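One structure is given below, encoded as structure tokens.
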Amino acid sequence: MYRIDTATDTDSPKPKSSLSNPSKIHVPAGVLPSFSGDYMIRMFFISPEYFSNWRYEDVTLVTMCSANHLHHVISLAERWTGPISVGVFGPGLEASFATDAIESIKSCFPAVRERVLFHLVYPINLPADLSKSTGRLEYNDCEDLRKQIKSYGGDEDDRANYGGDIPFPHNVLRNAARRGAPTAFIFLIDVDVMPSLNLREDFNDFAIRHSLYDKNENEKTVFVVPVFEKKKGSSCPDDKRELADSCNRNEVRSFHEETCKWCHEPEQPKKWLQIQGQQRLEISFNSSWTKSWEPFYIATRKVPYFDERFMVYGFDRIQQICELHVAGYQFAVLNTAFLVHDGWKFPDKEIKELQNRRRSRNWVLFHFHYQQVLLKMYQNPNSCAPIETFVPKGFKALAHINSRNNRIKRTYASRIT
């Protein structure tokens, strides 16, 4: 029922030729290759019900995950009332578990069945294997289902994504989810952050009042949604007043407060929290791009796609924010909308080491190729070359960067005209 069958040509006659035929990659019906050609994407995997009530003038929440993080999709559907598009990584037999998990979630949670679009992504050299799929997981009740999905593979954090044998293709998954978004605007977030209540309704009201649905889709503004993190076990604040109260009780703080504070500094969380009393969604202030900023934002579906060469960890989101800056986009921070991550993040030596093993390749790609290509793509571009070179940590990464054979002299510019 759920098997993806790979086409074969064993029964078809082969043309005679003096030259040997190159090996062929057979693409199953309904499957698209990624931009790089290294992955296959099954769009709208498992028939969605959303299109029976589809409308273009809306916002789609866009995210991605591995099979063991599918339980977060349930929580997102409980707080986001519009369409959700999810890229799901399913190499090999993980596709069987992901399929059964999605079918079970849809049976247990009507909001997921009615509004969530799933897109299966797998490596071309490890195709999705649905031979073990039975159509559903065995579970006692819906809460037991959540626990089963969360414990799949015995990994509740991102160690497998950072240190596994198969590189986790964040940007391939993000692009797949973006392709599947059926609305004029998209809301790009991580799967484990929860939006404030009524954010979709508030943004639609904002968009109608400011005629955003009537404007050119190439409008160069992204609407930034500040992000925070709450202590495990504490309740998720629903609105800005509750968020401020939670911060005062030391239950909520800025996202990555201890692990990457500069990654969200331009959102100015202290200043943002002090702006109270506004009932309707509006722009609070504009922020300027910084080299480490990784904002979550709402934008038209015309914003640049993610570069799929950046995999696993390091610069995978920074590169796209860099392109927005180079292309001349403005970053407008919304006043009452926010996101909350479940759990405070703390430095983890093991995860950091796994990240650093993967980071050096992305560092070289970003600094010595990607930035220079962007300058050729846009007229009168800004530059996102850093003022100071970021050197990745870790003995192997430092040894490679400092090697006599790898020294490269660079000239930085804050702006090229």
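The values are calculated or read from the model by the stated rules, or taken from the named source; none is laboratory data. What you are looking at is a predicted structure, and each value in this text was computed from that prediction instead of being measured. Cβ sites come from the backbone with ideal geometry, for glycine too, and all protein chains shown count toward neighbours. For the accessible areas, the whole protein counts, side chains as well, though only heavy atoms, and no ligand, DNA or RNA atoms are used. Shrake-Rupley method; radii C 1.70, N 1.55, O 1.52, S 1.80 Å.
Brief remarks follow.
- A probe of 1.4 angstrom, applied to the heavy atoms of all protein chains, finds SER211 with accessible area near 50 square angstrom.
- The share of C-alpha pairs in segment 41-186 whose separation exceeds 20 Å stands at 43 percent.
- Taking segment 275-291 and a reference point 7 angstrom along Cα→Cβ of SER235, no backbone N atom is nearer than 13 Å.
- By the compact-protein rule of thumb, 2.2 N^0.38 Å, the alpha-carbon radius of gyration of segment 58-110 corresponds to a ratio of 1.13.
- Subset of LYS215/LYS271; LYS215/LYS291; LYS291/LYS345; LYS147/LYS230; LYS132/LYS302; LYS132/LYS231 violating a 32 Å alpha-carbon distance limit: LYS132/LYS302; LYS132/LYS231
- Segment 251-308 - Rg (one decimal) and Dmax (whole number), Cα, Å: 13.8, 42
- Each residue of segment 316-326 was assigned a 3J(HN,Hα) from its phi angle through the Karplus expression (A = 6.51, B = -1.76, C = 1.60, θ = phi - 60°), giving 5, 9, 4, 4, 6, 5, 4, 5, 4, 5, 5 Hz with x at Gly and Pro.
- Under a 5 Å amide H cut-off, with hydrogens placed 1.01 Å from N, TYR297 pairs with LEU188, VAL225 among residues at least 5 apart or on other chains.
- Segment 104-243 - convex hull of alpha carbons, volume per residue in Å³: 182 Å³
- Rg to Rh, two decimals, where segment 168-211 supplies the alpha carbon set and Rh follows Kirkwood: 1.05
- Solvent-accessible area of PHE44, all protein chains in place: 80 Å² (probe radius 1.4 Å, heavy atoms, ligands and nucleic acids excluded).
- Under 5 Å, built H, 5+ apart or other chain: amide partners of VAL31: none
- Surface accessible to a 1.4 Å probe, TRP363 within the full protein complex, Å²: 10 Å²
- Converting phi to 3J(HN,Hα) with the Karplus coefficients 6.51, -1.76 and 1.60 and the offset θ = phi - 60°, segment 296-313 yields 8, 8, 9, 7, 5, 6, 8, 4, x, 6, 7, 7, 7, 6, 7, 10, 6, 8 Hz in sequence order, with x at every glycine or proline.
- When you count the other C-beta atoms within 10 angstrom of each residue and take the mean per peptide, 279-286, 221-228, 143-150 line up highest first as 221-228, 143-150, 279-286.
- Under 5 Å from the amide H of LEU130 lie the amide H atoms of ILE4, each residue being 5 or more positions distant or on a separate chain, with H modelled from the backbone and absent for Pro and chain starts.
- Within segment 297-338, the proportion of Cα pairs with more than 11 Å between them is 70 percent.
- Scaling the Cα radius of gyration of segment 223-324 by the globular reference 2.2 N^0.38 Å produces a ratio of 1.18.
- Charge-dipole axis of segment 204-345 as Lys and Arg at +1 and Asp and Glu at -1 on Cβ define it, positive-most pick from SER284, VAL303, ILE318: SER284
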